[in-house]
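To start, the structure under review is shown below, and the notes come after it.
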Amino acid sequence: MLSNGHYTIMVDNAGNGFSAFDGELMLTRWREDTTAGQLGTYIFVRDLDAGKLWSVAYQPTRVEPDSYEVLFNPDKIEFIRRDFGILLHTTITVSPEDNVEVRQVTLTNLSSRKRNLEVISYAEVALAFARADIAHPAFSKMFIESEFDSECEALLFTRRPRSEHEERLYLMHLVALKKCWAPTMYETSRLAFLGRGNTIATPEALESPKALNGQLGAVLDPVAVLRARIELEESQSECVVFSTGFAKTREGIKNLTQRYHDLHSVTRAFEMAWSHNNIELRREEYSVHQMRAFQRLLTALIYSIDSLRGKREALGANRLTQSGFWRFGVSGDLPIVFLRVNDPTQIALVREALLAHQYIRMRGIVFDLVILNEYPGGYFQNFQEELEFLVSSGYHGGMLNQKGGVYLRTQIQLSAEEVMLLEAQARVVLEGERGSLSAQLKFLDKSIPPNYHQRRITVRQDSRFPLTAQPPSDYEFFNGLGGFVEQGRSYQLELSNRRLSPAPWCNVIANPNFGFLISESGGGYTWADNSRENRLTPWRNDPVTDAPGEVLYLRDTDQSSYWCPTPRPIASDRQFRVKHSFGYSQFLTSESGVESNLTISGAVAEKVKWWHLLLTNHTERERRLEAYLYLDWTLGINREESVRSLNSNFDKQTNLLYAVNYYNNEFAGRVAFLGANLPIQSYTCSRAEFLGRHGD
């Protein structure tokens, strides 16, 4: 994480991350996702002659590099990778003087031929507070407007105020090169760049070297995309710089745009960042070794790391909801670091934790540090007074018992249930007897991307068993994709060649206490009792990708190939017939001679949803198939907030997999379950195990 005290960027070793201002104002969109994680400011590289596409970091394309190295320095972050005869060296920093981040990409041609390349940036523009953007993403996006400054080759974004009490916010994103080979192209519509039903890993606009649409204005889903072209002779290097900046006035953002279009300002930003960080290290009370520990703690506050949390038994045994924090002053809205000390000799760890709190707050990340004094000795009061003096003096003097500050409590002030709640919900649990901060924050780095792209065998398209086409005359009001059938009781769509409807075509099926939404791609979500407060699976409100939280997979065990009976999430050239009716939705398709007929419906009165799958083998050989039902449990409002509170297990007697969230204020203890009419062969409650790191 890099910061100048106001402007903060977080970048992980795969290239995911976010940009923020003063901690809470998200300049680019962010959702916590330790497993998949595909949000950040990304830079693509495309070989125009060979048609190859990859990215300067591992995400979002996930192309396996010939070599890959990431360097995290106090003043900058570096990505060095080699692919297809091109060496990419990307350096990222934040200017100490301006609210600007700089991403400099140096491309070197290691091959023996001339290379024609394109470098394309991508970031989802938020300009909103994190909670507001998560709660109503589609609504939040509606207030963003964009324009293009052709003189400085920059995109300018502004958030329109919704009332006279709000102020306008401005964001700029520009590209700068020493030499211009072609005019800079741009795009601000996420739908136009990604394409309906696609993800950032496979954007439609980069499938061919066609021109970007260049949409501007009040697009419904804004992104910042700039495309620059370069030519590299053998052994030649060229530099492309992308800068992103924030201001609260139009004059301020125009000044930043003009300043960072000049490459001398870019050089100065890197030099000043190096100088500023050296001065900070000399001035502050921590060492380089401690700073690395602080950065590991910061990582655990952004990404949930199981090994640093409390004992798993505490999460399973805790029965208090978020309101359990309120009696002793903690809101529970912010990440928590829970420090337990029981001996005066552990005062050094307290001092180190306070330094870490100061260091991380100065970089825009706010969290609650809860210190519990469990010392039972005769000098208890002296130890408590020493802790109080340590907390109240210096930087933390005004943060005692304040939100985002430090909470010092004794063992007699908290009940056993409240201590268990802290241990269950804290992002990091530290214990005085386990040594220094760096000793306790050693966690195994499991983030090396797996080589799963070379392992996966996707299904081969077999056109010998197509669906029988239904003539347009069978439809009422046929529009090229579908129309009404069964005398208006159903609406049926014919989808093929990876084509979806222009926007999600949804069916809402519900009884008074339970329901679900299903789109023509297979996306949607399920709820119980309240469609917002108690979502069983995630509702992402994203009409572009329509990413599903519930997926049914089919796998041929003999061929090791797999597919879905729905048009997504696996894009396919197959033909699909989708029918939305009262009380159910139906998906019909055929793959390699296996016809699947999936009907998704719900009970009239009970809180039950059914996936009824009928498979028919049209080939002349025996087929051995497996069916996998995958669900992203939410059991709350947003998966990002509830996932750390979920308990899941498998009951072998009833053959049911179930999940429960005891931390949900309104619906604590409600149980969601999955079962099947056939014996369960295997199961997992780990999303990371099923998808794999950086999987989707």
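Structure notes:
- Accessible area per residue was computed with a 1.4 Å probe on protein heavy atoms; H580 scores about 20 Å².
- Cα-based shape type of the chain, given that a ≥ b ≥ c are square roots of the gyration tensor eigenvalues and the cut on a/c is 1.5: oblate
- Prolate is the label for the stretch 558-597, because the ratio a/c of its alpha-carbon gyration tensor axes (a ≥ b ≥ c) is 1.5 or higher and a/b is greater than b/c.
- Once the Cβ-Cβ distance of E533 and E24 is raised to the sixth power relative to R0 = 22 Å, the FRET efficiency obtained is 0.45.
- The loop-placed trypsin sites (Lys or Arg not before Pro) in the stretch 194-296, going by DSSP, that have at most 16 neighbouring Cβ atoms within 10 Å of their Cβ come out as K210, K248.
- List T188, T106, ordered by accessible area with a 1.4 Å probe, largest first: T106, T188
- K403-R250 FRET efficiency (beta carbon distance; Förster radius 35 Å; 0.05 resolution): 0.60
- The 1.4 Å probe gives accessible areas that order C152, C239, largest first, as C239, C152.
- Shown for the stretch 577-696: the carbon plus sulfur share of the solvent-accessible area, taken with all protein chains present and a 1.4 angstrom probe, equals 50%.
- The calculated FRET efficiency for D696 paired with E284, based on their beta-carbon distance and R0 = 56 Å, is about 0.85.
- Once backbone amide H atoms are built at 1.01 Å from N, A128 has M26 as its partners under 5 Å, excluding neighbours fewer than 5 places away on the same chain.
- Candidates per trypsin sites (Lys or Arg not before Pro) in the stretch 545-629, loop by DSSP, up to 14 other Cβ within 10 Å: R621, R624
- For the stretch 230-389: relative contact order, % (alpha-carbon pairs under 8 angstrom, 6 or more apart): 18
- Taking amide H positions as modeled 1.01 Å from N, with prolines and chain starts lacking one, the residues under 5 Å from L400 and 5 or more places away or on another chain are V406.
- Rounded to whole Hz, the Karplus (6.51, -1.76, 1.60) HN-Hα couplings of the stretch 159-169, x for glycine and proline: 9, 5, x, 8, 8, 5, 8, 8, 10, 6, 10
- Alpha-carbon centroid distance for the pair the stretch 51-67 / the stretch 134-167, whole angstrom: 30
- Full-extension gain in nm, F667 to L220, via 0.36 nm per residue minus C-alpha separation: 157.6 nm
- Percent RCO, i.e. relative contact order, over the chain, from Cα pairs under 8 Å lying at least 6 residues apart: 11
- Two-site label geometry, A603 and D66: point separation in nm, points 7 Å out along Cα→Cβ: 6.0
- Heavy-atom SASA rank of D83, D542, D343, D49 (probe 1.4 Å, accessible area, largest first): D49, D343, D542, D83
- Alpha carbon centroid spacing (whole Å) that separates the stretch 307-336 from the stretch 525-561: 28
- The separation of the stretch 603-649 from the stretch 372-417, counted between C-alpha centres, amounts to 47 Å.
- Ellipticity estimate at 222 nm from DSSP helix runs (n ≥ 4, -39,500 (n - 2.57)) divided over the chain, nearest 500: -5000 deg cm²/dmol
- Contact order for the stretch 4-101, expressed relative to its length and based on alpha carbon pairs under 8 Å spaced 6+ residues apart, stands at 21 percent.
- Couplings for the stretch 651-664, taken from phi via the Karplus curve 6.51 cos²θ - 1.76 cosθ + 1.60 with θ = phi - 60°, read 9, 6, 5, 8, 6, 10, 9, 9, 9, 8, 10, 7, 8, 5 Hz in order; Gly and Pro are left as x.
- Shape call, the stretch 1-154: gyration tensor on alpha carbons, a/c limit 1.5: prolate
- For A571, nonlocal amide neighbours, meaning residues 5 or more places apart or on other chains whose placed amide H falls under 5 Å from its own, do not occur.
- Phi angles of the stretch 185-197 translate, via the Karplus equation with coefficients 6.51, -1.76, 1.60 and θ = phi - 60°, into HN-Hα couplings of 9, 8, 7, 10, 9, 5, 4, 5, 7, 7, x, 4, x Hz per residue; Gly and Pro are given as x.
- Rounded to the nearest 10 square angstrom, S473 shows an accessible area of 100 square angstrom against a 1.4 Å probe.
- Within the stretch 659-696: backbone nitrogen closer than 17 Å to the Y630 label point (7 Å, Cα to C-beta): 682-696
The values are calculated or read from the model by the stated rules, or taken from the named source; none is laboratory data. Being a predicted model, the structure only gives us computed values, none of them experimental. Neighbour counts are summed over all protein chains in view; Cβ atoms, including those assigned to glycine, are modelled from backbone coordinates with ideal geometry. These accessible areas exclude ligands, DNA and RNA; they are computed on the full protein's heavy atoms, side chains included. Shrake-Rupley method; radii C 1.70, N 1.55, O 1.52, S 1.80 Å.
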